[in-house]
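Please treat every number below as a calculation from the coordinates, not as lab data. Given the structure is predicted, the values throughout are model-derived calculations rather than measurements. We place every Cβ from the backbone using ideal geometry, glycine too, and count neighbours over all the protein chains shown.
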Amino acid sequence: MVFINSEGKFNENTYLIDGQLFRMKGNMAIYVIENKGVRLMIDTGESLSIRKTVKKMKEFGIFPVQKLLITHSHFDHMQGVGRLRELQNEVELEVFASENAVDNLKNPERMNKGFEVDSVEKVTPLKEGDIIDLNGLKLEIFNFFGHTHDHIAVFDEKNKNIFTGDAILDRYDRETFTPTFMPTDFNESELFMTFEKLRKLKKKLNSISLAHFGVWTGEDCEMIINEMEDLHHKTKESIIEWYSESHSRDYITAKYHEKFIPNSKIHTKENLTLLKWVINLLIIGLLNSGYMHR
């Protein structure tokens, strides 16, 4: 198996849990890394899903967690922080995030217009090169900017795995993917630097853990790295072209589905509601960045 999308332990130290974003299976991955009794959770998902996530963590024997790392300050990665703290109120939770994310987490409306997100206080700031030590298991922090200017990745050298959040690509399964040029502060030049950082790490990796969704190993890991920049260009150029033909989100969504993911079982031709929401974010990201004009 080279694509792991089932819940449970997938390497010596790490578990995958389905965060069920918008109550849909297979579109939000929560990861928990454990070593000698110390546990680090990567992202929380939305607040509505936290209780189910905690239930699954209890089944796997990895609850409570002592540490939480937020890859970036979009709501689907950090909205559940307050609820998680309530559900494990007897265990203090240390929250880590990029030093660039600290103010965004205190003022979540900056990055999450239209969503109700509570402020996250008491955040330990991280910068590139920092190490989180889980009783001897060392996790290295990389700035993976572009999708946002506060996005970080976590490299687990021992298990040859990297957690990239939304930084490079969202690939939900073999037939479904979306790029990451979304609001509010997408920056393409930073994204290209992120692509290059990941390419330089390629020989040290056996797997890539994506937030949306699952763990890609072996040949699939190599495929993700080889295709990420090309898919960025192709999707960006296509959306720009379609937007020049029509500003209709329905039109652009249908064109995206037809060209890039016609066989998707997540976004079917009969039900493109969620894909339309994603496409709208991609359009806003390109508009805000000046690649298109209203």
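Figures for the structure shown
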{"item": "Neighbourhood net charge (9 Å Cβ-Cβ; Lys/Arg +1, Asp/Glu -1) for Q66", "result": "0"}
{"item": "Computed over the range 161-294: relative contact order in percent, which uses C-alpha pairs under 8 Å that are six or more apart", "result": "32"}
{"item": "Exceeding the 29 Å Cα-Cα cut-off - candidates K234/K276; K204/K276; K122/K200; K197/K236; K158/K259; K113/K200", "result": "K204/K276; K122/K200; K158/K259; K113/K200"}
{"item": "Nitroxide proxy distance, nm - points 7 Å out along Cα→Cβ at N226 and S248", "result": "3.8"}
{"item": "Helix 218-245 axis, angle to the chain major axis (alpha carbon atoms, nearest 10°)", "result": "40"}
{"item": "Between 0 and 90°, nearest 10: helix 188-201 axis offset from the chain longest Cα axis", "result": "50"}
{"item": "Long-range amide H partners of G26 with built H, under 5 Å", "result": "Q20"}
{"item": "Cα-based helix-to-principal-axis angle, 50-60 vs the chain, degrees rounded to 10", "result": "50"}
{"item": "Cα gyration tensor shape of the range 3-226, rounded if a/c is under 1.5, else prolate or oblate by comparing a/b with b/c", "result": "rounded"}
{"item": "Euclidean distance of C-alpha centroids, the range 82-110 and the range 153-202, integer Å", "result": "22"}
{"item": "Contact order normalised by residue count of the chain, Cα under 8 Å, 6+ apart, percent", "result": "14"}
{"item": "Local net charge near S264, Cβ-Cβ under 10 Å (Lys/Arg +1, Asp/Glu -1)", "result": "+1"}
{"item": "17 Å reach of a label modelled at M193, 7 Å along Cα-to-Cβ, counting backbone N of the range 125-167", "result": "126-130, 141-154, 167"}
{"item": "Proxy reagent accessibility, fewest Cβ within 10 Å first, across E128, E229", "result": "E128, E229"}
{"item": "Within straight-line cross-link reach of K160, aspartates and glutamates at Cα separation under 17 Å, skipping those fewer than 8 residues along the same chain", "result": "E12, E34, D133, E140, E219, D220, E222"}
{"item": "By average C-beta atoms within 10 angstrom, highest first, the peptides 14-24, 72-82, 251-261", "result": "72-82, 14-24, 251-261"}
{"item": "Within the chain, helix-based [θ] at 222 nm, where runs of 4 or more DSSP H residues each add -39,500 (n - 2.57), nearest 500", "result": "-10500 deg cm²/dmol"}
{"item": "Extension reserve of the K9-E90 stretch, reckoned as 0.36 nm per residue once the Cα distance is removed", "result": "26.6 nm"}
